[in-house]
Amino acid sequence: MTEYYVCDDDDLAEMGRLVVECGDKQVGVFRVQGEIHAWFNRCAHMRGPVCQGRIYRRVLEPVAEDGTVRMMQQSETEINIVCPWHGYEYDLKTGRHPGNPRIALRRAEHVVREGKIYVRV
Ligand code: FES
């Protein structure tokens with residue numbers, strides 16, 4: 001396993017992202033609600049560059065008991081990324097597709113040491 005420098009810890013802002021080359025692979029590194037998460041840049045659908053997709057709060061449309069849809073809301077806690085190829089969506093903290101938990105991104109190991117972020121591939 002090889003360790004690759006990503007950036008200084010202070011340089012990855014909240015909701016920030018960096019996609020780094022790690023040999024013949026790419027890893028996306030994100031800061032979400034203060035935590036760092038690293039994912040291989042390969043969508044579970046057809047290996048698209050998922051880590052370069054749009055990031056936003058999960059959209060919720062609560063359904064009332066009478067079947068009507070209430071006003072659209074955005075989740076306070078769930079932050080998703082959308083693959084730019086065909087729109088598969090993943091929770092940036094768990095890597096799981098919100099509609100099918102069997103579909104998920106592959107997590108990359110990371111470490112923060114002496115104020116610097118590294119990934120191990
Ligand atoms: S490759 Fe990501 S949605 Fe198809």
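The values are calculated or read from the model by the stated rules, or taken from the named source; none is laboratory data. If you're wondering where the values come from, they're calculated on a predicted model, not measured in any experiment. Backbone-built Cβ (ideal geometry, glycine too); neighbour counts: all protein chains shown. Areas reflect the complete protein model, heavy atoms only, side chains present, ligands, DNA and RNA absent. Shrake-Rupley method; radii C 1.70, N 1.55, O 1.52, S 1.80 Å.
Computed from backbone phi with θ = phi - 60° and the Karplus coefficients 6.51, -1.76 and 1.60, the 3J(HN,Hα) list for the range 39-55 is 10, 5, 7, 9, 5, 5, 6, 9, 6, x, x, 4, 5, 9, x, 6, 10 Hz; x is used for glycine and proline. Build a GNM of the chain with springs between Cα atoms under 10 Å apart, and of Asp91, Asp24, Asp11 the one that fluctuates most is Asp24.
Taking the range 63-104, which trypsin sites (Lys or Arg not before Pro) meet the DSSP loop condition and have no more than 10 other C-beta atoms within 10 Å? Taking the range 63-104 and a limit of 10 other Cβ atoms within 10 Å, the loop trypsin sites (Lys or Arg not before Pro) found are Arg70. Amide H to amide H distances under 5 Å link Tyr88 with Cys83, where only residues 5 or more positions off or on other chains count and H is placed in the peptide plane.
Take the range 3-120 with all the other protein chains still there, run a 1.4 Å probe, and you get 61 Å² of accessible area per residue. Computed 3J(HN,Hα) for the range 72-80, one whole-Hz value per residue from the Karplus formula 6.51 cos²θ - 1.76 cosθ + 1.60 where θ = phi - 60°, is 4, 10, 10, 4, 7, 10, 9, 10, 10, glycine and proline marked x.
Applying a 4.7 Å Cβ-Cβ cutoff to the chain, the cysteines left without a disulfide-compatible partner are Cys7, Cys22, Cys51.
Going out from 0 in 10 Å bins, what whole percent of all Cα-Cα distances in the chain drops into each bin? Pair shares across the bins are 14, 42, 30, 10, 4, 1. 3J(HN,Hα) couplings calculated from phi for the range 93-99 with the Karplus curve 6.51 cos²θ - 1.76 cosθ + 1.60 (θ = phi - 60°) are, in sequence order, 8, 9, x, 8, 6, x, x Hz; Gly and Pro show x.
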